[in-house]
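The values are calculated or read from the model by the stated rules, or taken from the named source; none is laboratory data. Only a predicted model underlies this, so the values are computations on that prediction, with no experimental measurement involved. In this analysis, Cβ positions are derived from the backbone assuming ideal geometry, glycine residues included, and neighbour counts consider all displayed protein chains.
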Amino acid sequence: KPQSWEARAEEFSLYGFTDMPSVHERGTVVVTHGEGPYIFDTNGKRYLDANSGLWNMVAGFDHAGMAEAAKAQYDRLPGYHAFFGRMSDQTVMLSEKLVEVSPYDRGRVFYTNSGSEANDTMVKILWFLHGSEGNPQKRKILTRWNAYHGVTAVSASMTGKPYNEVFGLPLPGFIHLTCPHYWRFGKDGETEEEFVARLAQELDDTIQREGADTIAGFFAEPVMGAGGVIPPAKGYFQAVIPVLKKHGIPVISDEVICGFGRTGNTWGCQTYGFTPDAIISSKNLTAGYFPMGAIILGPELADRVEAAVEKIEEFPHGFTASGHPVGCAIALKAIDVVMNEGLAENVKRLAPRFEAGMKRLAENPNIGEYRGVGFMWALEAVKDKATKEPFPASLSVSERIANSCTDHGLICRPLGQSIVLCPPFIMTEAQMDEMFEKLEEALKKVFAEVA
Ligand code: PLP
């Protein structure tokens with residue numbers, strides 16, 4: 001049997017979303033435990049995880065109250081389902097809480113095990129709804145290039161990434177509109193306002209071409225996360241939502257990353273001034289302490305779906321662990337921790353400091369753009385700042401920057417040509433300084449090598 005943790009990981013694991021040549025060369029970081037925003041590997045090395053795991057560990061890695069809430073619920077009722085007219089008391093309380101903290105005065109909640117399944121389920125809810133209302137042809141889904149909505153066959157089809165091609169995806173009927181990233185996709189001489197007007201026109205043209213009566217819904221992350229932290233161009237949602245409303249197309253806000261304070265408000269849609277017809281939540285919902293997703297239907301969709309259920313007598317969908325009592329107890333605690341223990345407040349308080357740090361790093365001649373909001377930011381590496389010409393992909397610049405950071409005990413994420421930072425909400429000023437210092441060193445080192 002091979003001896004090292006690294007070798008054991010490589011021998012027995014099928015890695016997801018991992019650059020395998022890099023693993024063969026650098027080995028696997030095998031993580032044993034965490035403290036605050038730090039994780040530790042099997043060699044005892046400490047890393048500041050400026051990615052909050054996968055955007056989700058917002059309360060850090062050792063919040064005692066979270067573990068206690070989980071333990072208490074495991075002792076009371078360690079598992080139950082939400083089928084056949086039964087569900088746990090925790091499930092009832094969480095649904096109540098989610099509607100209370102949502103932008104809606106009333107609504108209905110459905111649970112999944114992940115963000116992917118929540119998006120997948122939302123598509124099925126729309127298909128179920130339109131079908132029951134006599135519009136079974138209303139099935140197409142609109143999303144954007146660079147969107148990330150997950151990995152199930154349906155949510156991957158909504159995800160606008162070229163890597164889906166290896167799976168023969170997207171499925172038919174999933175339409176990707178232009179990514180609202182003005183810095184990268186604005187044309188020469190085009191103002192941000194003109195860019196947004198062009199995207200709204202593209203949306204209208206697409207709906208007219210496809211036929212509004214064939215489109216089930218529009219899904220969008222308020223800030224695109226895994227696309228490389230892309231806040232919408234100014235006025236984007238104000239321009240596209242009226243077009244969708246005009247054609248009677250439901251708007252779904254995928255708040256899997258943006259929800260529960262990441263952008264500085266409870267919901268990303270609040271930060272960008274729109275009210276969707278439904279909200280998708282996961283990740284921060286349980287502060288990463290339990291795998292769980294939720295769909296919150298706003299009043300209009302809730303009523304229509306309820307009418308559909310009454311007509312068909314059943315919504316024939318659900319997971320064994322939908323509304324898992326331990327997951328719900330953890331989510332209730334996570335919401336309390338984020339909203340009432342100063343975490344959301346910390347994001348608001350430190351966001352200007354975060355932005356100032358990014359702005360300073362972006363003075364580097366090989367950083368073309370810094371962008372973000374709240375506690376989610378990115379720097380985009382460029383070969384030429386004036387022309388925005390990227391480095392050749394073969395140089396793997398962002399991966400090298402992230403590797404150099406890892407060597408020095410900082411975890412940040414390369415996404416395309418960008419480096420992404422989305423730390424836990426508990427991050428202190430000193431930890432933020434540590435993050436910037438380590439990243440600055442890595443930028444200097446790698447740009448000196450490739451310039
Ligand atoms: N939606 C968004 C915006 C995400 O960022 C993610 C995951 O990163 C998902 C959906 C999918 O969630 P999961 O990985 O829990 O399936």
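Scan region 266-276 and give yes if some residue there is in contact (Cβ under 8 Å) with a residue 24 or more places away in the chain, hydroxyl-bearing (Ser, Thr, Tyr) and over 22 Å from residue 373 (Cβ atoms), otherwise no. Let's see the steps before the verdict.
Narrowing region 266-276 to residues in contact (Cβ under 8 Å) with a residue 24 or more places away in the chain: 266-276.
From the residues that got through so far, the ones that are hydroxyl-bearing (Ser, Thr, Tyr) too are 266, 271-272, 275.
After this cut, where a residue has to be over 22 Å from residue 373 (Cβ atoms) as well, the list is none.
The answer is no, given that none of the residues of region 266-276 is in contact (Cβ under 8 Å) with a residue 24 or more places away in the chain, hydroxyl-bearing (Ser, Thr, Tyr) and over 22 Å from residue 373 (Cβ atoms).
Could you list, in sequence order, all residues of region 265-309 that are outside any helix (DSSP H, G or I), within 14 Å of the ligand (Cβ to nearest atom) and in contact with a strand residue (DSSP E or B) (Cβ under 7 Å, 6 or more places away or on another chain)? Step through it out loud before you land on a result.
Quick first cut of region 265-309, residues outside any helix (DSSP H, G or I) only: 265-267, 272-282, 287-298.
Then drop every residue that is not within 14 Å of the ligand (Cβ to nearest atom), which leaves 267, 276, 278-282, 287-295.
Matches in region 265-309: 267, 276, 278, 279, 280, 281, 282, 292, 293, 294, 295.
Going through region 294-321 one residue at a time, which ones are closer than 23 Å to residue 149 by Cα and among the small types (Gly, Ala, Ser)?
Passing the criteria: 294, 298, 302, 318, 321.
Here is a check on your reading of the model: is residue 163 under 22 Å from residue 113 (Cβ atoms) and under 19 Å from the mean Cα position of the chain (by Cα)?
On the way: under 22 Å from residue 113 (Cβ atoms): no; under 19 Å from the mean Cα position of the chain (by Cα): yes.
Judged against the criteria, residue 163 is not a match.
What's the number of the only condition in (1) surrounded by fewer than 17 Cβ atoms within 10 Å (Cβ to Cβ); (2) farther than 28 Å from residue 150 by Cα; (3) outside the structural domain of residue 411 (by TED's automatic domain parsing) that residue 25 fails to meet?
Only one criterion in (1) surrounded by fewer than 17 Cβ atoms within 10 Å (Cβ to Cβ); (2) farther than 28 Å from residue 150 by Cα; (3) outside the structural domain of residue 411 (by TED's automatic domain parsing) is unmet by residue 25, namely (3).
Got at least one residue in region 246-253 being more than 10 Å from the ligand (Cβ to nearest atom), farther than 19 Å from residue 51 by Cβ and part of a helix (DSSP H, G or I)?
Checking region 246-253: at least one residue is more than 10 Å from the ligand (Cβ to nearest atom), farther than 19 Å from residue 51 by Cβ and part of a helix (DSSP H, G or I).
Name the pairs: first residue in region 99-114 and within 20 Å of residue 316 (Cα to Cα) and modelled with pLDDT of 95 or more, second residue of a type in the set (Val, Ile, Thr) and away from the ligand (no atom under 16 Å from the Cβ), Cβ to Cβ under 6 Å, at least 6 apart or on different chains?
Qualifying pairs under 6 Å: 107/99.
Could you list, in sequence order, the residues of region 216-239 that are away from the ligand (no atom under 12 Å from the Cβ) and under 20 Å from residue 197 (Cβ atoms)?
The answer is 218, 231, 232, 233, 234, 235, 236, 237, 238, 239.
Those residues that are surrounded by 24 or more Cβ atoms within 10 Å (Cβ to Cβ) and farther than 16 Å from residue 123 by Cβ, I need them from region 299-324; list them, please. It would help to see each step written out before you state the result.
First, the residues of region 299-324 that are surrounded by 24 or more Cβ atoms within 10 Å (Cβ to Cβ): 301, 323-324.
Passing the criteria: 323, 324.
Check 16, 85, 36 and return the single one that is at pLDDT 95 or above, on the phi > 0 side of the Ramachandran plot and assigned by TED's automatic domain parsing to the domain that holds residue 375. Give the steps one after another, and end with the answer.
Numbers: 16 fails: on the phi > 0 side of the Ramachandran plot; 85 fails: assigned by TED's automatic domain parsing to the domain that holds residue 375.
Of 16, 85, 36, the one residue that is at pLDDT 95 or above, on the phi > 0 side of the Ramachandran plot and assigned by TED's automatic domain parsing to the domain that holds residue 375 is 36.
Would you mind finding the one in 381, 334, 362 that is surrounded by 14 or more Cβ atoms within 10 Å (Cβ to Cβ), assigned by TED's automatic domain parsing to the domain that holds residue 233 and hydrophobic (A, V, I, L, M, F, W, C)?
334
Please tell me if residue 243 is in contact with an Asp or Glu (Cβ under 9 Å, 6 or more places away or on another chain) and either assigned by TED's automatic domain parsing to the domain that holds residue 255 or more than 16 Å from the ligand (Cβ to nearest atom) (or both). It would help to see each step written out before you state the result.
Numbers: in contact with an Asp or Glu (Cβ under 9 Å, 6 or more places away or on another chain): yes; either assigned by TED's automatic domain parsing to the domain that holds residue 255 or more than 16 Å from the ligand (Cβ to nearest atom) (or both): yes.
It is true that residue 243 is in contact with an Asp or Glu (Cβ under 9 Å, 6 or more places away or on another chain) and either assigned by TED's automatic domain parsing to the domain that holds residue 255 or more than 16 Å from the ligand (Cβ to nearest atom) (or both).
If only one of 253, 282 is more than 18 Å from residue 127 (Cβ to Cβ), at pLDDT 95 or above and in contact with a Cys (Cβ under 6 Å, 6 or more places away or on another chain), which one is it?
Values: 282 fails: in contact with a Cys (Cβ under 6 Å, 6 or more places away or on another chain).
Unique residue meeting the criteria: 253.
Considering only residues that are part of a helix (DSSP H, G or I) and aliphatic (A, V, I, L, M), look in region 376-398 and name the one that is nearest to residue 422 (Cα to Cα). Walk me through how you get there before you give the answer.
Just the residues of region 376-398 that are part of a helix (DSSP H, G or I), to begin with: 393-395, 397-398.
Still in the running and aliphatic (A, V, I, L, M): 393, 395, 397.
Details: 393: 24, 395: 24, 397: 20 Å.
Once the filter is applied, the top-ranked residue is 397.
Out of everything in region 50-93 that is away from the ligand (no atom under 16 Å from the Cβ) and among the aromatic types (Phe, Trp, Tyr), what residue ends up being surrounded by the fewest Cβ atoms within 10 Å (Cβ to Cβ)?
Result: 84.
Taking region 381-405 as the region of interest, how many residues are over 18 Å from residue 448 (Cβ atoms) and touching a helix residue (DSSP H, G or I) at 6+ places or on another chain (Cβ under 8 Å)?
1
Is it true that residue 368 is buried (at least 18 other Cβ atoms within 10 Å of the Cβ), in contact (Cβ under 8 Å) with a residue 60 or more places away in the chain and either polar (S, T, N, Q) or under 30 Å from residue 83 (Cα atoms) (or both)?
So residue 368 does not fit the description; no.
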